[in-house]
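Presented below is the structure to which this report refers.
The values are calculated or read from the model by the stated rules, or taken from the named source; none is laboratory data. What you see is a predicted model, and the numbers here were worked out from it, not measured in a lab. Note that we place each Cβ from the backbone using ideal geometry, even for glycine, and neighbour counts take in every protein chain shown.
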Amino acid sequence: MKRKYWLLLAIVAIIILIPAILAFASGGPTNPPVERQVNWDSPQTQQLFSRACADCHSNETKWPWYSKIPPVSLLIVDHVNEGREKFNISARDMGDADEAAEALQEGEMPLRDYQLMHPEARLSPTEKQALIDGLLKTFGGEGGERGEKDDD
């Protein structure tokens, strides 16, 4: 009986420690340097993007206190890294800027679990449409050629 208890305790410890080790190895919550500034079509678009998108799609993430606690930190860092990889307004190569409005229109963004912890990211239908229109005006067509300005 005692042996089963210690085995169970060891398994629980491993389950808790592995995400902590992985989070530490991934560098944890960081904000790389901003390499590019966006020429927004309007202050409203910039404000709406900052509210609903910037934490995962820029290098200016506001990391909440719980983002430093394993195993939650592993999930949050992974979400942010994935978001930055797909589309990052702060990177020299922004990625899929031309798909940002489409993802918002189709309800793919912002992610539901992000909205649960960040109620400010919940956009009203009017705000959502204003952000979609602003993203289209800011980033335009293929590759987001409009709206990009090097920060050199």
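Output the residue which, of all residues in the stretch 34-48 that are of a type in the set (D, E, K, R) and in a loop (DSSP other than H, G, I, E, B), is surrounded by the most Cβ atoms within 10 Å (Cβ to Cβ).
D41
Can E60 be described as among the acidic types (D, E) and part of a helix (DSSP H, G or I)?
No: the conditions fail for E60.
Quick check on I76: is it within 13 Å of the chain's Cα centre (by Cα), over 18 Å from Q37 (Cα atoms) and of a type in the set (V, I, T)?
So I76 fits the description; yes.
When you scan the stretch 86-93, do you find a residue that is in a helix (DSSP H, G or I) and under 17 Å from A121 (Cα atoms), even just one?
No, the conditions are met nowhere in the stretch 86-93.
Can you tell me which residue among A91, A121, A97 is buried (at least 18 other Cβ atoms within 10 Å of the Cβ), touching a residue at least 40 places away in the same chain (Cβ under 8 Å) and within 12 Å of the chain's Cα centre (by Cα)?
Result: A121 is the single residue among A91, A121, A97 that is buried (at least 18 other Cβ atoms within 10 Å of the Cβ), touching a residue at least 40 places away in the same chain (Cβ under 8 Å) and within 12 Å of the chain's Cα centre (by Cα).
Determine which member of the set A20, A13 is surrounded by 14 or more Cβ atoms within 10 Å (Cβ to Cβ), modelled with pLDDT under 80 and out of contact with any Lys or Arg (no Cβ under 7 Å at 6 or more places or on another chain).
Step by step, each of A20, A13 is checked, and only A20 is surrounded by 14 or more Cβ atoms within 10 Å (Cβ to Cβ), modelled with pLDDT under 80 and out of contact with any Lys or Arg (no Cβ under 7 Å at 6 or more places or on another chain).
Can you run down the residue pairs with Cβ atoms below 8 Å, 6 or more apart or on separate chains, where the first is in the stretch 50-77 and exposed (fewer than 14 other Cβ atoms within 10 Å of the Cβ) and the partner is in a loop (DSSP other than H, G, I, E, B) and not polar (S, T, N, Q)?
Going by the 8 Å Cβ cut-off, the qualifying pairs are E60/V34.
Name the single residue that is modelled with the highest pLDDT among those in the stretch 141-152 being surrounded by fewer than 17 Cβ atoms within 10 Å (Cβ to Cβ) and in a loop (DSSP other than H, G, I, E, B).
Filtering the stretch 141-152 for residues that are surrounded by fewer than 17 Cβ atoms within 10 Å (Cβ to Cβ) and in a loop (DSSP other than H, G, I, E, B), the one modelled with the highest pLDDT comes out as G141.
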